[in-house]
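Notes follow the structure.
The values are calculated or read from the model by the stated rules, or taken from the named source; none is laboratory data. Note that this is a predicted model, so its numbers are computed, not measured. So basically every Cβ, Gly included, is an ideal-geometry build from the backbone, and we count neighbours across all protein chains shown.
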């Protein structure tokens, strides 16, 4: 079995762990591969692979860090059946499965193939600008103002039919997995990640009746920005940021493919969500 390991290079704890884990895995007779971006790459160039190699050689991808690191790891497995599992080194880390003190217990279970996987829905976010970019989001696509002062006006169309206009700081489109992220902090609902749906949450709108809307995964949502709006930015999982103007359109729909998250099923997701949100042990 080959483990791909991805870390947050800014976390010292992650850099110490990756060396310990690599030694442990190799002693068990399994393999490890890492990317050239890892701090350990200079010490172990024999382990370095390209992203395309991860998709061919890995059986599991282990992510050491918080949710931000986990989101970056999607590039290494999208379009494959390779499952991701996160080790919690962040503060909230809703996407991670293992606490550090359970790490080697989890690795033993993975080697014994004593685990299950969950499919998680992704969003396809396509911008109708010069680049015609199509990006994939596990958490969310946020269309928000990128300058102080001016609000933005967005017109929402669902399956080519006009739905509503919102004036405010922007709109968030989230997956159920991403319902615990930016959408939640903006007042959106918590939705089970086992459901397929598109969650739309307006941000600080100039209205008393703006609420989140949950669309079918079969719907396609198109967003137009008013010419009177200020500067507008599109953020995909917080890692891809694009500046657009009022002539551009943004299309949101369910992605054609899923990703798999490895889990041991020992803590119900609702209990895990409550524990991490309220720091309950």
Worksheet item: Does the stretch 112-131 contain any residue that is under 19 Å from residue 15 (Cβ atoms), touching a residue at least 40 places away in the same chain (Cβ under 8 Å) and outside the structural domain of residue 237 (by TED's automatic domain parsing)?
Response: no
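Where residues in the stretch 123-156 are within 15 Å of residue 167 (Cβ to Cβ) and part of a loop (DSSP other than H, G, I, E, B), which of them is modelled with the lowest pLDDT?
In the first step, residues of the stretch 123-156 are kept if they are within 15 Å of residue 167 (Cβ to Cβ); the result is 143-145, 149-156.
Subset that is part of a loop (DSSP other than H, G, I, E, B): 149-151.
Numbers: 149: 64, 150: 80, 151: 86.
Here the answer is 149.
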Response to the item:
Over the stretch 190-208, the set of residues loosely packed, with under 15 Cβ neighbours inside 10 Å and closer than 23 Å to residue 159 by Cβ is 195
Worksheet item: Scanning the stretch 89-111 for residues that are without any contact (Cβ under 8 Å) to a residue 60 or more places away in the chain and surrounded by fewer than 17 Cβ atoms within 10 Å (Cβ to Cβ), which turns out farthest from residue 66 (Cα to Cα)?
Response: 108
Worksheet item: Among the candidates 182, 166, which residue alone is within 20 Å of the chain's Cα centre (by Cα), crowded, with 20+ Cβ neighbours inside 10 Å and under 12 Å from residue 201 (Cα atoms)?
Response: 182
Worksheet item: Is there a residue in the stretch 264-274 that is modelled with pLDDT of 85 or more, not assigned by TED's automatic domain parsing to the domain that holds residue 86 and not in a strand (DSSP E or B)?
Response: no
Practice prompt. Being closer than 18 Å to residue 125 by Cβ and not in a strand (DSSP E or B) is the filter here, so list the residues in the stretch 161-181 that pass it.
Written response: 175, 176, 177, 178, 179, 181
Worksheet entry | Filtered residue count, the stretch 142-194, keeping only those that are touching a helix residue (DSSP H, G or I) at 6+ places or on another chain (Cβ under 9 Å) and within 17 Å of residue 224 (Cα to Cα) | 3
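Do we find that residue 51 is surrounded by 13 or more Cβ atoms within 10 Å (Cβ to Cβ), in contact with a helix residue (DSSP H, G or I) (Cβ under 8 Å, 6 or more places away or on another chain) and farther than 26 Å from residue 178 by Cβ in this structure? Full working, then the answer.
Working: surrounded by 13 or more Cβ atoms within 10 Å (Cβ to Cβ): yes; in contact with a helix residue (DSSP H, G or I) (Cβ under 8 Å, 6 or more places away or on another chain): yes; farther than 26 Å from residue 178 by Cβ: no.
Taking the combined requirement at face value, the residue does not satisfy it.
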